[in-house]
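Student: Below is one structure. I have some questions about it.
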Amino acid sequence: MPDLAFSSPPARIATAPAPNRSDKPADAFFRDLQICPDGSCVLATAEDRSVSLFALPSDVPDETPTPSTSAHTLDAAWTYSPPDSLFSSAWYPGATSADPAMFSFAVGVKDHPVHLLDGADQRVRASYPIVDHTERFVAPHSMAFAPNGASLYCGFENAIEIFDVGSPGAEGYRLHTTPTRSSKEGQKGIISSLAFSGPDPTSGSSCLAAGSFSGTVGLYDPSQSNPLVDLLWPSQRGGVTKVLFHPLSPHLLFAASRQSSHLDVWDLRNTSRPSSSGRLRRKARTNQRLGFDIDPSGTWLAAGDQDGQLSIFSAQPLPDELEPVTSFTLADKPLGATVFHPWLPLLLTASGTRTFRHRRRRDSSNSSSSESSEDGEVEAVVDRGGVRKERSEELESASLGLWKLS
């Protein structure tokens, strides 16, 4: 991947509207994006419970759209609509569209077993059941494959289920994150995010980080008899929505939380100091998940905020590097997902939020007849983060954006 300087704002070269099976156009937006490891396509999870696959360019186009020209529209290769709410998804490690045998991804759907789906035609290749004490299927809120692809880790309330990928249908091993439901020990709550570190240079082993909606980050070594190695407490008490290790410096761990004003960063070589490498400021005073990502070179961290602004930080911050290196406004809605392409200077974003519309009478004493709408009403829009906006026109459609980086 070429060096990125962010000397100029990202240029949007393609876009895609979110599918919507409901009668609420304002709720049509993508909640999550996951790029295939080979960079050939992206999985886009929408608010209407569907997941779509979009092919991505194999090279960066020479021409960049100008204000007088429109960005290219991406068409979905397919859209998969599960029978119930889609909680989580994850690409199989090494997945590539060039190899049908490897081209697959896992999905967690409410009240169903975890399914490994074919990336080309969405057929079920394998199933992995998580069953609770009432014999009902449990869908994981987070998933991550082990780096070697041999195991699938699924996070749900007070537990992580570990499956042998090569033994579909078999029961998994349940790693309880707390001894009992009433216990105050261990890591409590729904495991909302999972991430593996790169292999340790000396031992070759990986560390598993697990974020919880209870507001903690657990570090696990599943090969140990006591797998919980450490329990970290973010500086803000909102539920953790994402954890991510630095791709080249696995001792650096980043976490995003709900209702937060920054990202927390730990240097795992010294976890006695909370957020020992600093806190990266970004506005996220919302319960909506707002993603972030680190570019493959390990130089930059990109994070979207509640106002549609993209902030670029150093991905190896010093304690005094709290502010972004630069920022760009990419949307007028929250950036729910921000993902770097694995080898091209491209960035993908998903913008949008659930909105709640109310109508009220316009005050005729404060507006002339030429300013009033025909029915004398103005629409008040309150997004999921509580931001109130008044508009008499329709909101711009939320969408997936593909951006060219300088």
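Student: Quickly run through segment 190-234 and pick out the residues that are under 13 Å from Y153 (Cβ atoms), in contact with an Asp or Glu (Cβ under 8 Å, 6 or more places away or on another chain), of a type outside the set (V, I, T) and assigned to a strand (DSSP E or B).
Tutor: Those that are under 13 Å from Y153 (Cβ atoms), in contact with an Asp or Glu (Cβ under 8 Å, 6 or more places away or on another chain), of a type outside the set (V, I, T) and assigned to a strand (DSSP E or B): L208, G218.
Student: Among residues belonging to segment 288-324 that are among the β-branched types (V, I, T) and either over 14 Å from T349 (Cβ atoms) or in contact with a helix residue (DSSP H, G or I) (Cβ under 9 Å, 6 or more places away or on another chain) (or both), point out the one that is surrounded by the most Cβ atoms within 10 Å (Cβ to Cβ).
Tutor: Ranking the qualifying residues of segment 288-324, first place goes to I294.
Student: Here's something else I'd like to know. In contact (Cβ under 8 Å) with a residue 60 or more places away in the chain, in a loop (DSSP other than H, G, I, E, B) and not aliphatic (A, V, I, L, M): is that true of T134 in this structure?
Tutor: Taking the combined requirement at face value, the residue does not satisfy it.
Student: Consider only pairs whose beta carbons are under 6 Å apart and that are at least six residues apart or on different chains; among these, list those whose first residue lies in segment 88-100 and is farther than 14 Å from L117 by Cβ and whose second residue is of a type in the set (D, E, K, R).
Tutor: From residues that are farther than 14 Å from L117 by Cβ, the pairs are T96/D38.
Student: Could you check segment 74-91 and list, in sequence order, the residues that are surrounded by 15 or more Cβ atoms within 10 Å (Cβ to Cβ), over 16 Å from S151 (Cα atoms) and either over 22 Å from the mean Cα position of the chain (by Cα) or aromatic (F, W, Y) (or both)?
Tutor: Once the filter is applied, which keeps residues that are surrounded by 15 or more Cβ atoms within 10 Å (Cβ to Cβ), over 16 Å from S151 (Cα atoms) and either over 22 Å from the mean Cα position of the chain (by Cα) or aromatic (F, W, Y) (or both), segment 74-91 yields Y80, F87.
Student: Which residues, counting only those in segment 245-264, are surrounded by 22 or more Cβ atoms within 10 Å (Cβ to Cβ) and not aromatic (F, W, Y)?
Tutor: Residues satisfying the conditions are L252, L253, A255, A256, S257, S260, L263, D264.
Student: Here is a check on your reading of the model: is S212 in contact (Cβ under 8 Å) with a residue 12 or more places away in the chain, of a type in the set (G, A, S) and out of contact with any Phe, Trp or Tyr (no Cβ under 6 Å at 6 or more places or on another chain)?
Tutor: Yes, satisfied.
Student: Follow-up. So if I check each of R281, R289, R237, R269, which one is assigned to a loop (DSSP other than H, G, I, E, B) and farther than 23 Å from G189 by Cβ?
Tutor: Of R281, R289, R237, R269, the one residue that is assigned to a loop (DSSP other than H, G, I, E, B) and farther than 23 Å from G189 by Cβ is R269.
Student: Something else: Can you name every residue in segment 17-40 that is touching a Ser or Thr at 6+ places or on another chain (Cβ under 6 Å) and either on the phi > 0 side of the Ramachandran plot or at pLDDT 90 or above (or both)?
Tutor: Those that are touching a Ser or Thr at 6+ places or on another chain (Cβ under 6 Å) and either on the phi > 0 side of the Ramachandran plot or at pLDDT 90 or above (or both): P17, R31, D32, D38, S40.
Student: Please find, among L244, L252, L248, the residue that is in contact with a His (Cβ under 6 Å, 6 or more places away or on another chain) and touching a residue at least 12 places away in the same chain (Cβ under 8 Å).
Tutor: One residue alone meets the criteria, L252.
Student: Can you work out which of the residues in segment 140-159 that are among the polar types (S, T, N, Q) and part of a loop (DSSP other than H, G, I, E, B) is surrounded by the fewest Cβ atoms within 10 Å (Cβ to Cβ)?
Tutor: N148
Student: So, in segment 246-285, how many residues would count as being of a type in the set (K, R), within 20 Å of the chain's Cα centre (by Cα) and modelled with pLDDT under 95?
Tutor: Total meeting the criteria: 5.
Student: Can you tell me which residue in segment 325-343 is surrounded by the most Cβ atoms within 10 Å (Cβ to Cβ), limited to those that are in contact with a strand residue (DSSP E or B) (Cβ under 8 Å, 6 or more places away or on another chain) and among the aromatic types (F, W, Y)?
Tutor: F340
Student: Is it the case, given these coordinates, that G94 is assigned to a loop (DSSP other than H, G, I, E, B), on the phi > 0 side of the Ramachandran plot and surrounded by fewer than 21 Cβ atoms within 10 Å (Cβ to Cβ)?
Tutor: So G94 passes the test.
The values are calculated or read from the model by the stated rules, or taken from the named source; none is laboratory data. Because the structure is a prediction, the values reported are computed rather than measured. Positions of Cβ are generated from backbone atoms using ideal geometry, with glycine treated the same way; all protein chains shown enter the neighbour counts.
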